[in-house]
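Chemist: Below are the structure tokens for one structure; questions will follow.
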């Protein structure tokens, strides 16, 4: 386990190679049966609520209806998560050419909103647990085998693939410090 500025990082993260391959996985992370919705931070609730009018037009009728009849999130214990439709799709997911996509990211790319997506989605497959402070861990999913293969084939480290989301969450200085620690020597990391 590494600790960088009070953020704990599981020791396997520096050596994981990963790069999403949407052509293979078809956006499975936004449509996992029985997985529940993606975790959200309570502070994201108001930001998401403001973005709904801009993203709703990209959603299917069933997803729009779900939003009309339900809140977009639910609370479990002291945590919050996005709703899913039919115990599968994220309520904010839509399909385009057979690929499940995020309506926030879609609207963000078109400069319709300034919220890219929930940070847990942006960081995926890294997850943050909080046990007296944030702990980053890698969530292994069969649906991401193609991303592991692509990362391995192209020699892309997970933390480099997720550089923009890690900087968004923890800041540039933290990311640069983490990267310099992990780049010291591969044999020191393993």
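The values are calculated or read from the model by the stated rules, or taken from the named source; none is laboratory data. All figures in this text were calculated on a predicted structure; none of them were measured in a lab. FYI the Cβ positions are ideal-geometry reconstructions off the backbone, even for glycines, and counts take in every protein chain you see.
Chemist: In the list 93, 8, which residue meets the criterion of being crowded, with 17+ Cβ neighbours inside 10 Å, under 22 Å from residue 159 (Cα atoms) and touching a strand residue (DSSP E or B) at 6+ places or on another chain (Cβ under 7 Å)?
Modeler: Criteria check complete, one pass: 8.
Chemist: Follow-up question, since we're still on this one. When you scan the stretch 1-84 for helices (runs of 4 or more DSSP H) that lie fully inside it, which ones turn up with 3 or more residues that are more than 27 Å from residue 130 (Cα to Cα) and touching a residue at least 60 places away in the same chain (Cβ under 8 Å)?
Modeler: Of the helices (runs of 4 or more DSSP H) lying wholly inside the stretch 1-84, those with at least 3 residues that are more than 27 Å from residue 130 (Cα to Cα) and touching a residue at least 60 places away in the same chain (Cβ under 8 Å) span 22-25.
Chemist: Another question, if that's okay. Quick check on my filter: what residues within the stretch 85-133 are within 21 Å of residue 8 (Cβ to Cβ), touching a helix residue (DSSP H, G or I) at 6+ places or on another chain (Cβ under 8 Å) and outside any helix (DSSP H, G or I)?
Modeler: Across the stretch 85-133, the qualifying residues are 124, 125, 126, 127, 128.
Chemist: What single numbered condition from (1) at pLDDT 90 or above; (2) within 15 Å of the chain's Cα centre (by Cα) fails to hold for residue 141?
Modeler: (1)
Chemist: So residue 1 fits all but one of (1) at pLDDT 90 or above; (2) in the same structural domain as residue 158 (by TED's automatic domain parsing); what number is the exception?
Modeler: Single failed check for residue 1: (1).
Chemist: Considering only the stretch 105-118, state which residues are in contact (Cβ under 8 Å) with a residue 40 or more places away in the chain, under 12 Å from the mean Cα position of the chain (by Cα) and buried (at least 19 other Cβ atoms within 10 Å of the Cβ).
Modeler: 118
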